[in-house]
Each structure stands twice: as C-alpha cells, then as structure tokens.
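Let me begin by presenting the structure, written as structure tokens, before commenting on it.
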C-alpha cells in the first residue's frame, strides 16, 4: 500500500474513533450517575446483556482476562453507585450472583437509547450499501489484525 494511503487510513481511523468516543462520552455524561470508567462500562454491559444468566465475578475474570482484585474493585464501584447487587447462590453460599438493581436497569435502558441515537446520527446520509461496505471493511481490518471482536 502506498505510504500516503497508509497515512490517510491511519489518520482517518484515529479521527473517526476519537469522534465516536468523544460523542459517546458527552452523551454518557448526560445520564444520571455520570460516566463509568471503561472497565466499569464493559463489566456493567456484560452483566446487562447476561441478566438471564447467573453471572459471577469468576465469569467476569475469565471473560475480561482480569485479576480478581480488578474485578472486585469494579464491582464494588458499581454496587456503591447502586447499579448492581450480590445475590447469594442458595445451593452454594460461597458463590454470589450479580444482579441489576432497578437503578441499574434504568441506566441500562438509558444506555440503549443513547446507543440507538448515536447509531442514527453516525449513519445519517449513508446508504445501506455504504453501511454494509463499512461493516465488511471493519471486519476485514480486525481479521487482518488478528482480532475478532475488539
């Protein structure tokens, strides 16, 4: 690939990533409870997407490949903010399931609205073909870099 094309690709990727990130940070700041740290956001999202399962801190350590102390600190922060609670497994009292509180569920619903609005804004003026091409190119770039989902 020509040097100018590589430089342009790098610059455009960085600019696009920053624009999306800045937009989302500004939008999340508007939610009650403010901005979560990146790990808090990913952990909270994982718990939200898996509400129907009995998620434990061990599941989070494995999924995020993070040490127990990091996950514990993150969960403590989410609990202090009132988004999650720990429910003791009646069959094994040493194990605790992570559950969303009403406040956590409301936050999750607010996040879904923000993501939907952001997607609408990002795709404004783009055709279905443009979006399909963009998604295919992003997938190929991740494949080339040896990653699957980020």
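The values are calculated or read from the model by the stated rules, or taken from the named source; none is laboratory data. Since this is a predicted model, take the numbers as computed values, not measurements. Heads up, the Cβs are rebuilt from the backbone with ideal geometry, glycines too, and the neighbour counts pull from every protein chain shown.
Among the residues making up the stretch 38-75, those that are in contact (Cβ under 8 Å) with a residue 12 or more places away in the chain, closer than 20 Å to residue 112 by Cβ and in a loop (DSSP other than H, G, I, E, B) are 51, 55. From the list 35, 84, 47, the one residue that fits, being under 30 Å from residue 138 (Cα atoms) and touching a strand residue (DSSP E or B) at 6+ places or on another chain (Cβ under 6 Å), is 47. Please determine whether any residue of the stretch 99-122 is touching a strand residue (DSSP E or B) at 6+ places or on another chain (Cβ under 9 Å) and in a strand (DSSP E or B). Yes, that holds for at least one residue.
Screening the stretch 8-29 for residues that are farther than 14 Å from residue 114 by Cα and surrounded by 11 or more Cβ atoms within 10 Å (Cβ to Cβ) and picking the one that is modelled with the lowest pLDDT gives 9. Only residues that are over 20 Å from residue 33 (Cα atoms) and surrounded by 14 or more Cβ atoms within 10 Å (Cβ to Cβ) were counted in the stretch 87-126, giving 4. Residue 32 meets all of the listed conditions (1) free of Cβ contacts under 8 Å to residues at least 60 places away in the same chain; (2) touching a helix residue (DSSP H, G or I) at 6+ places or on another chain (Cβ under 8 Å); (3) assigned to a loop (DSSP other than H, G, I, E, B); (4) surrounded by fewer than 15 Cβ atoms within 10 Å (Cβ to Cβ) but one, namely (1). Inspect all residues belonging to the stretch 76-83 and state whether any of them is surrounded by 15 or more Cβ atoms within 10 Å (Cβ to Cβ), part of a loop (DSSP other than H, G, I, E, B) and either modelled with pLDDT under 90 or out of contact with any helix residue (DSSP H, G or I) (no Cβ under 7 Å at 6 or more places or on another chain) (or both). Yes, the stretch 76-83 contains at least one residue that is surrounded by 15 or more Cβ atoms within 10 Å (Cβ to Cβ), part of a loop (DSSP other than H, G, I, E, B) and either modelled with pLDDT under 90 or out of contact with any helix residue (DSSP H, G or I) (no Cβ under 7 Å at 6 or more places or on another chain) (or both).
Taking only pairs six or more apart or across chains, which ones have beta-carbon atoms under 6 Å, a first residue in the stretch 123-134 that is in contact (Cβ under 8 Å) with a residue 40 or more places away in the chain, and a second residue that is outside any helix (DSSP H, G or I)? Going by the 6 Å Cβ cut-off, there are no qualifying pairs.
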